[in-house]
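Presented below is the structure to which this report refers.
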Amino acid sequence: MVSRPKLTKNADVLVQNFLHHVNYHYYIIYPPNFLQEYRDWWADKQAGKPLSLQWTCLLLSICACSSQCL
């Protein structure tokens, strides 16, 4: 198994926290679609492909909201 960078692991924790504790109340993100796009985003980042600014901002917003509920 390939070792994932610490940043990826930290983001994984924040995303899972968001989906289980924040999104649970408001259901603003559809988890199956979001998680697939999340995996695709990391794959694109690791491959050096251009990243969507809008999706990157969504991810950072989710991480920020999640960190308030740790």
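Take the chain with all the other protein chains still there, run a 1.4 Å probe, and you get 74 Å² of accessible area per residue. The fraction of accessible area contributed by carbon and sulfur in the chain is 61 percent, rounded to a whole number (1.4 Å probe; ligands and nucleic acids excluded).
Per-residue ellipticity at 222 nm from helix content only, as computed over the chain with -39500 (n - 2.57) for each DSSP H run of at least four residues, stands at -20500 deg cm²/dmol.
Take every Cα pair under 8 Å whose residues are at least 6 apart in sequence, average their separation, divide by the length of the chain, and the relative contact order is 53 percent.
What is the sum of charges, Lys and Arg at +1 and Asp and Glu at -1, for the other residues whose Cβ falls under 15 Å from the Cβ of residue 62? It works out to a net charge of -1. Placing unit charges on the Cβ atoms only, positive for Lys and Arg and negative for Asp and Glu, gives the range 1-69 a dipole magnitude near 220 debye about its Cα centre. Highest-first packing order for the peptide set 58-69, 25-36 is 58-69, 25-36, based on the mean count of other beta carbon atoms within 10 Å. What the phi angles of the range 9-17 give under the Karplus curve with 6.51, -1.76 and 1.60, with θ = phi - 60°, is a coupling list of 5, 5, 5, 4, 5, 5, 5, 5, 4 Hz, glycine and proline written as x. Across all directions, the average projected area of the convex hull around the alpha carbons of the chain is 5.0 nm².
The values are calculated or read from the model by the stated rules, or taken from the named source; none is laboratory data. Predicted, not measured: the structure shown is a model, and the values here were computed from it. Neighbour counts run over all protein chains shown; Cβ positions are idealised from the backbone, glycine included. For accessibility, only protein heavy atoms count, side chains too; no ligands or nucleic acids. Shrake-Rupley method; radii C 1.70, N 1.55, O 1.52, S 1.80 Å.
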